[in-house]
C-alpha cells in the first residue's frame, strides 16, 4: 500500500488534475494541464497545478518524465513501461515493448550498488517528424 496516499487531504482540483492526466496519452506539461482546467476553474493558478502534480507524484499516481526539453512531462500510467522522446518535436510516446525481466536484479548483482528501479527512455525522431521531413525533401 502506498504510505503517502492518505498523507494529504482530498482535493477536487487534484482529483481533476489526475483525471485529466489519466484521460490523455500525450504526456502533457503542467502548462497543458493548466490550460485544460482553467476553463473549469477560473481562479486556478500554475502554482496550484505544480503543487498538486508533485503531490500526485509523491502518492505514486503520476510519474515525471524528464524529456530533455525545457518542461517536464507527466504520465498517469505508472505501470512499468518505456518512453520514446522525439528530439525534433519533443513528443513523448509510450513504447509497447516488454520490460526487461530481472534487469534491476542483474545490474544490482553486477555492481556495488543497490538498484531500486530503472527508467529507460529512447530518443530519436518520431514517425510524424520523419514523414514531414520526407515530404519536405520530396518537394525540393
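The values are calculated or read from the model by the stated rules, or taken from the named source; none is laboratory data. From a predicted model like this one, the values you see are computed outputs, not experimental measurements. Ideal geometry is used to build each Cβ from the backbone, glycine not excepted, and the neighbour counts take in all protein chains shown.
Couple of notes before you dig in:
- Residue match in region 21-29 (condition: at pLDDT 95 or above and outside any loop (DSSP other than H, G, I, E, B)): yes
Here is a yes/no grid of residues against (1) under 24 Å from residue 124 (Cα atoms); (2) under 14 Å from the mean Cα position of the chain (by Cα); (3) in the same structural domain as residue 98 (by TED's automatic domain parsing):
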| residue | (1), (2), (3) |
| --- | --- |
| 26 | yes, yes, no |
| 37 | no, no, no |
| 53 | no, yes, no |
| 66 | yes, yes, no |
| 72 | yes, yes, no |
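- The listed residue being touching a residue at least 60 places away in the same chain (Cβ under 8 Å), under 27 Å from residue 30 (Cβ atoms) and under 16 Å from the mean Cα position of the chain (by Cα), out of 79, 91: 91
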